[in-house]
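Reviewing the structure listed below.
The values are calculated or read from the model by the stated rules, or taken from the named source; none is laboratory data. These numbers come from a predicted model, not from an experiment. For neighbour counting, all protein chains shown are included, and Cβ atoms are generated from backbone atoms with ideal geometry for every residue, glycine included. Remember, those area values only see protein heavy atoms, side chains included, never the ligands or the DNA or RNA. Shrake-Rupley method; radii C 1.70, N 1.55, O 1.52, S 1.80 Å.
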Amino acid sequence: MKSIWHQSAAGTPRPPLEGDVEAGAAVIGGGMAGILTAALLEEAGVRTVVLEADRVGSGQTGNTTAKVTAQHGAAYHRLEKSLGEEAARLYAVANQTAVESYQRMIEDRRIDCGWERLPAILYAVEDGDLLRREAAAQERAGLPVRLTEDSGLPFPVLGAVRCGNQARFHPLRFLYALAEGLTVYEGSRVLEAGEGWLRTAGGRVRAERIVFCCHYPFVNAPGYYFLRMHQERSYVLALRGGPKLPGMYYGADTGGISLRNAGEYLLAGGGGHRTGENRSGGRYASLLKSASLLFPGASEAARWSAQDCVTLDGVPYAGRFAASTPGWYAATGFGKWGMTGSMAAAQLLRDQILGQSNAWEGLFSPQRFTPGASAAALLEEGLHAVRNLSRRPLEPPRGAAEALPPGHGGVVELDGEKLGVYKAEDGTLYTVDPRCPHLGCQLEWNPDERSWDCPCHGSRFDFQGRLLSGPAQAELAAARKQPAAAR
């Protein structure tokens, strides 16, 4: 189902790239990070084009809960321990600056996007010590916080960390308004990238600066981002009949629920897991059960899911793509906080391209390596990928296609082959090669989204094998359809 943002806003269609064009900068990706970067570069006098594989806002920006806040869950205590107090302070400055920058941009451009200032509130129902540690860390970082027992929630909690002067908005209304006046080519997936040029199916762009804002960089080398990030999915329900809350909320406990109002709806988010690790499903059902207990009488109006890139140390990668590609830049790894992360990254990229200094350049640098925060995570990422890659040749099919119930999928045996099979409600079988075209990892069926998800690097495909999101750039091989009557 489409998010409420997609249901209540529509952008102006843009033509695909046809032929060759030249620009000062080319941005890959028409989401929040890409459009912000292009807008800031154009404002600074750099002629910029945007290449979007689908439609502007069709990726993660249209599936966010759109909290514009520097309070990123319980991040600051962790950042202090792994990177130090100064890094945590700088992280807070970058993200609070982003909040204020949105407000100025919205006011200057008179963008009607439901912008509203209100507090962000971290709450806990199990671990009060976590809240006390996090409140102290956020205060040291310079955020306007206070620890309180009055959360404003209609259910009991142990306490809350209230961070004032944060915001929320309608992300697609903002994005579409910002994209007006920019040169954007939709339906123009970048197939190949080089120093100073990009190629799509319809043409080429020549530009001195290339900026990867496509959620997950699809170029494996240089950069090796696939070794330094993983992807996670989370789920959202839009509820009718929920209470009007005085802030935006994030549950600090394991399995905690994210909450914010959006017009007539109350958005409840949660159920997160690493992409490719949801074989049993039931995420929406579990979220709906929790919401029903917390908000009796509320009913589901819409549901959707989102995907986030997570870096080794929890800080986004924004800046020069790799040492060997001086004209390339990247913005990725925003975790669950892509609104402020996108603005901070866009400002940093603009400054680097213009040759200006930026206070958080070192903190966000894609070339950084922080042993205290990254070494163990890097090892785990590598082991996780090796485990999942080895399943492809070694693991047998998990039964026969005939055993699949209608409406379900799995890696099973069909006509002597190991295939990814989805059985529709009418018995039609949709079969795909279960190997991800990115690096060959065996895909897993996600019953909540009816999609094939890669547990190694997070690429996703629909039940017919069509690419939903990267880093893969191709559809699944050997996709075919076998009607029920043919068996």
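When peptides 304-316, 265-277, 62-74 are sorted by average Cβ neighbour count within 10 Å, with the highest value leading, the order is 62-74, 304-316, 265-277. Can you work out the base-10 log of I(q)/I(0) for region 9-158 at q = 0.18, 0.22 1/Å, using the Debye formula on its C-alpha atoms alone? Those come out to -1.16, -1.38, one per q. Computed over Cα pairs, the Kirkwood radius of region 87-174 leads via Stokes-Einstein (0.890 mPa s, 25 °C) to a diffusion coefficient of 171 µm² per second.
The spacing between region 409-437 and region 166-218, judged by their C-alpha centroids, is 34 Å.
Scalar couplings 3J(HN,Hα) for region 441-453, obtained by applying the Karplus form with A = 6.51, B = -1.76, C = 1.60 to θ = phi - 60°, are 5, 6, 6, 10, 7, 9, x, 6, 10, 6, 9, 9, 10 Hz; x denotes Gly and Pro. Taking a ≥ b ≥ c as the square roots of the eigenvalues of the Cα gyration tensor, an a/c ratio of 1.5 or more together with a/b no larger than b/c marks region 120-161 as oblate. In the chain, the DSSP beta bridges split such that about 75 percent are antiparallel, to the nearest 5. At 1.4 Å probe radius, can you tell me the per residue accessible area of the chain in Å²? Solvent-accessible surface per residue comes out at 40 Å². Partner lysines whose Cα lies under 22 Å from the Cα of K81, excluding those fewer than 8 positions away in the same chain, are identified as K336.
In sequence order, region 137-152 has phi-based couplings of 5, 5, 5, 4, 6, x, 7, x, 10, 8, 8, 9, 8, 9, 7, x Hz under the Karplus curve 6.51 cos²θ - 1.76 cosθ + 1.60, θ = phi - 60°, and Gly or Pro positions carry x. Please say if region 413-473 is rounded, prolate or oblate, where rounded means a/c under 1.5 for a ≥ b ≥ c the square roots of the C-alpha gyration tensor eigenvalues, and otherwise the choice is prolate for a/b larger than b/c and oblate otherwise? Since a/c reaches 1.5 but b/c is at least a/b, the shape of region 413-473 is classed as oblate. Pick out, from A53, S365, T183, the residue whose Cα sits farthest towards the positive end of the charge dipole of the chain, with +1 on the Cβ of Lys and Arg and -1 on the Cβ of Asp and Glu. Value: A53. What you get for the chain, charging only the Cβ of Lys and Arg (+1) and of Asp and Glu (-1), is a dipole of about 260 debye around the Cα centre.
How large is the translational diffusion coefficient of region 133-211 in µm² per second when you combine the Kirkwood radius over alpha carbon pairs with Stokes-Einstein at 10 °C and 1.306 mPa s?
Translational D for this selection: 90 µm²/s.
Relative intensity of region 69-224 on a log10 scale, I(q)/I(0) at q = 0.20, 0.21 Å⁻¹, equals -1.16, -1.20, per a Debye sum over C-alpha point scatterers of equal strength in the absence of solvent.
With 5 Å bins beginning at zero, the pair-distance distribution over Cα atoms of region 165-205 amounts to 5, 17, 18, 15, 14, 15, 7, 7, 2, 0 %. Proximity of backbone amide H atoms, modeled 1.01 Å from N, is registered between L245 and N261 at under 5 Å, excluding neighbours fewer than 5 places apart on the same chain. Peptides 141-150, 103-112 ranked from most to least packed, by the mean per-residue count of other Cβ atoms within 10 Å: 141-150, 103-112. Our coupling estimate for region 276-291, obtained by passing each phi through the Karplus curve with A = 6.51, B = -1.76, C = 1.60 and θ = phi - 60°, is x, 10, 9, 4, 7, x, x, 5, 5, 4, 5, 5, 5, 5, 5, 5 Hz, Gly and Pro reported as x.
Within the chain, C113, C163, C213, C214, C309 have no other Cys Cβ under 4.7 Å of their Cβ and so lack a disulfide-compatible partner by this rule.
Amide H contacts for L118 (H built 1.01 Å from N in the peptide plane; partners 5 or more residues away or on another chain; cut-off under 5 Å): N165, Q166, A167, R168.
For region 13-74, the set of GluC sites (Glu not before Pro) satisfying both a DSSP loop assignment and a count of at most 16 other C-beta atoms within 10 Å is given as E18. Quick one: Debye curve from the alpha-carbon atoms of the chain only, equal weights, vacuum; give me log10 I(q)/I(0) at q = 0.08 Å⁻¹ to two decimals. Rounded to two decimals, the profile gives -0.48. Take the alpha carbon gyration tensor of region 162-245, find the square roots of its eigenvalues, order them as a ≥ b ≥ c, and report rounded if a/c is under 1.5; if not, report prolate when a/b exceeds b/c, else oblate. Taking the square roots of the gyration eigenvalues as a ≥ b ≥ c, region 162-245 is prolate.
Annotation: peptides 256-263, 423-430, ranked by per-residue average of other Cβ atoms within 10 Å with the highest first, follow the order 256-263, 423-430.
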